[in-house]
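*Asks:* Shown below is the structure under consideration.
The values are calculated or read from the model by the stated rules, or taken from the named source; none is laboratory data. The structure presented is a predicted model; accordingly, all values stated were derived computationally and were not measured. Here the Cβ positions follow ideal geometry from the backbone for every residue, glycine too, while neighbour counts run over all protein chains shown. Side chains included, ligands, DNA and RNA excluded: accessible areas come from the protein's heavy atoms. Shrake-Rupley method; radii C 1.70, N 1.55, O 1.52, S 1.80 Å.
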Amino acid sequence: MNLLKPLTATPSDKKVYIETYGCQMNVNDSEVVLSILQDCGYRYTEQIEQADLILANTCSIRDNAEQRIWGRIDQFHLQRKKRPVIVGILGCMAERLKEKLIENGKVDIVVGPDSYRKLPELLKAAQEGQKGVETTLSREETYAELTPTRLDKNGVSAFISIMRGCNNVCSYCVVPYTRGAERSREPGSIVREACQLFENGYREVTLLGQNVDSYHWKSEGQDVDFADLLEKVAQINPLLRVRFSTSYPSDISDKLLKVMASYDNICRHIHLPVQSGSNPMLEKMRRKYTREWYLERVAAIRREVPGCSLTTDIIAGFCGETEQDHQDTLSLMEEVGYDFAFMFQYSERPGTLAARKYEDDVPAKVKTQRLEEIIALQMKKSEERYASMVGTEQLVLVEGPSKKGEGQLCGRASNYMMCVFPDKQHTAGDYVKVKVVGATPATLLCELV
Ligand code: 5AD
Ligand code: SF4
């Protein structure tokens, strides 16, 4: 099995262009889609003007994500005026809106996250002028044996989906409706994919799932949880770095932290979305932990995996959020000191529990102001965290030339911080030791040692 198909594997005149929105899982899904399309004769192009098939792999997480895609659909339509082009909408927005997406006549096919194997059929029908919508969710589909066609630019770092769907019912979140029930992928296929990537020169894999801590594979005498899986992947080769995302605060186990601590090639970084620092908000959000539980997990991480960086997601202005709730979020951020955070205003999503049960009652102006305060505090914390690294030595996996200037390379430290340094000897995929000599709130300025 060749896991890394060259992009030009199948000679054909048909070209596919794909835009990906949303999370890393969507990036990996686009790679799966390209693999399926190559098998039916499409070649990948980065030029929309050359494409016979234009796809958008979409995100529904917030309303503005969807609005952006409606705008892109109009743009795609302009291409159809120049030549025959099939336009397809994939992913979460496809799953959520289904037929609504073809109503304005600008989209030909709509395919949800569990239906990508149907693409060849739908395309054939579309070529004959028939529009198609396929959004059945599955309890089994993991695309386990498919070989993603890699879209990364550097050939160093790749994503591997280890599970699909989500069984949490966070009241604000559309994902359980767009991606269906949680299912784990057979561990052997994950390890094989990682081995193949390593053999093909990749030096970093990121294991992806909505909630990796609930990964569980039980079958034919095998009983593998996420800590076991992580260990199996880490054992492939000490030169293969392993990252993972996303962790869920009530499920992240001591066993996992112990495995992390035992392998230098498991990166010192955990993305641990907190969403809010207020217990009443966490309860309303249906997160299954309290502020105290979360802080205890942070303490366990700091104890078991020293130097581990922490990043998070925060929502400002959820239903009924008071000024005190907001202050609790700020004080939690102050206490944890995240290296980085994704920060959002609450956006009501139709069909979710919160949309049905709670009023979206925080005025837009207040949401904006709270988000600004959250961003300002995070900026200060990032600045402190990055500055605290000055004087330390870091092992960096080179990703390639830096945009910061001629003769500079960039790559990440184990803790995910981006490092930039002058270097003419090394190339993408090399490990180099650097000393941190300066910092901005998002980059470590380094020198080779
Ligand atoms: N509004 C705003 N942010 C949201 N997220 C998920 N749903 C919503 C919503 N309705 C954020 C959460 C999640 C991240 C991926 O997106 O912080 O962790
Ligand atoms: Fe990813 Fe969630 Fe957006 Fe779907 S809705 S693409 S799962 S971030």
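*Asks:* How many residues are acidic (Asp, Glu) and surrounded by fewer than 22 Cβ atoms within 10 Å (Cβ to Cβ) when one looks only at region 306-324?
*Replies:* Number of matching residues: 2.
*Asks:* Out of (1) open to solvent by 20 Å² or more (accessible area, probe 1.4 Å); (2) within 16 Å of ligand 1 (Cβ to nearest atom); (3) assigned to a helix (DSSP H, G or I), what's the single condition that is false for residue 169?
*Replies:* (3)
*Asks:* Now a separate question. Among the candidates 193, 186, which residue alone is more than 16 Å from ligand 1 (Cβ to nearest atom) and in contact with a Leu (Cβ under 7 Å, 6 or more places away or on another chain)?
*Replies:* 193
Yes/no matrix, rows are residues, columns are (1) at pLDDT below 95; (2) among the basic types (Lys, Arg); (3) surrounded by fewer than 21 Cβ atoms within 10 Å (Cβ to Cβ):
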position	(1), (2), (3)
385	no, yes, yes
404	yes, yes, yes
440	no, no, yes
444	no, no, no
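*Asks:* Could you list, in sequence order, all residues of region 135-144 that are closer than 29 Å to residue 63 by Cα and either within 16 Å of ligand 2 (Cβ to nearest atom) or open to solvent by less than 40 Å² (accessible area, probe 1.4 Å) (or both)?
*Replies:* Hits for region 135-144 are 135, 137, 138, 141, 142, 143.
*Asks:* Moving on to the next point. For region 52-68, enumerate the residues that are crowded, with 22+ Cβ neighbours inside 10 Å and farther than 22 Å from residue 210 by Cα.
*Replies:* Hits for region 52-68 are 53, 54, 55.
*Asks:* Does residue 180 qualify as being more than 23 Å from residue 415 (Cβ to Cβ), within 16 Å of ligand 2 (Cβ to nearest atom) and of a type outside the set (Ser, Thr, Tyr)?
*Replies:* It is true that residue 180 is more than 23 Å from residue 415 (Cβ to Cβ), within 16 Å of ligand 2 (Cβ to nearest atom) and of a type outside the set (Ser, Thr, Tyr).
*Asks:* Being under 21 Å from the mean Cα position of the chain (by Cα) and open to solvent by 40 Å² or more (accessible area, probe 1.4 Å) is true for just one of 264, 213, 251. Which residue is that?
*Replies:* 251 is the lone residue from the list that is under 21 Å from the mean Cα position of the chain (by Cα) and open to solvent by 40 Å² or more (accessible area, probe 1.4 Å).
*Asks:* Could you go through region 357-368 and let me know if any residue there is more than 14 Å from residue 274 (Cβ to Cβ) and either within 16 Å of ligand 2 (Cβ to nearest atom) or at pLDDT below 95 (or both).
*Replies:* no
*Asks:* Could you tell me whether region 136-147 includes any residue that is among the charged types (D, E, K, R) and in contact with a Phe, Trp or Tyr (Cβ under 8 Å, 6 or more places away or on another chain)?
*Replies:* Among the residues of region 136-147, not one is among the charged types (D, E, K, R) and in contact with a Phe, Trp or Tyr (Cβ under 8 Å, 6 or more places away or on another chain), which makes the answer no.
For (1) of a type in the set (A, V, I, L, M, F, W, C); (2) closer than 28 Å to residue 206 by Cβ; (3) in a loop (DSSP other than H, G, I, E, B), each residue gets a yes or a no:
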| position | (1), (2), (3) |
| --- | --- |
| 370 | no, no, no |
| 385 | no, yes, no |
| 391 | no, no, yes |
| 403 | no, yes, yes |
| 428 | yes, yes, yes |
| 441 | no, yes, yes |
| 446 | yes, yes, no |
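*Asks:* Sticking with this one: Out of the residues in region 145-166 meeting the condition of being under 18 Å from residue 233 (Cα atoms) and modelled with pLDDT under 95, tell me which one is surrounded by the fewest Cβ atoms within 10 Å (Cβ to Cβ).
*Replies:* Looking at residues that are under 18 Å from residue 233 (Cα atoms) and modelled with pLDDT under 95, I get 145.
*Asks:* Within region 172-183, take every residue that is in a loop (DSSP other than H, G, I, E, B) and in contact with a helix residue (DSSP H, G or I) (Cβ under 7 Å, 6 or more places away or on another chain) and give me the one that is nearest to ligand 1 (Cβ to nearest atom).
*Replies:* Filtering first and then ranking leaves 172.
*Asks:* Continuing with this model, one more query. Which members of region 69-80 meet the condition of being surrounded by fewer than 16 Cβ atoms within 10 Å (Cβ to Cβ) and among the hydrophobic types (A, V, I, L, M, F, W, C)?
*Replies:* Answer for region 69-80, where residues must be surrounded by fewer than 16 Cβ atoms within 10 Å (Cβ to Cβ) and among the hydrophobic types (A, V, I, L, M, F, W, C): 70, 78.
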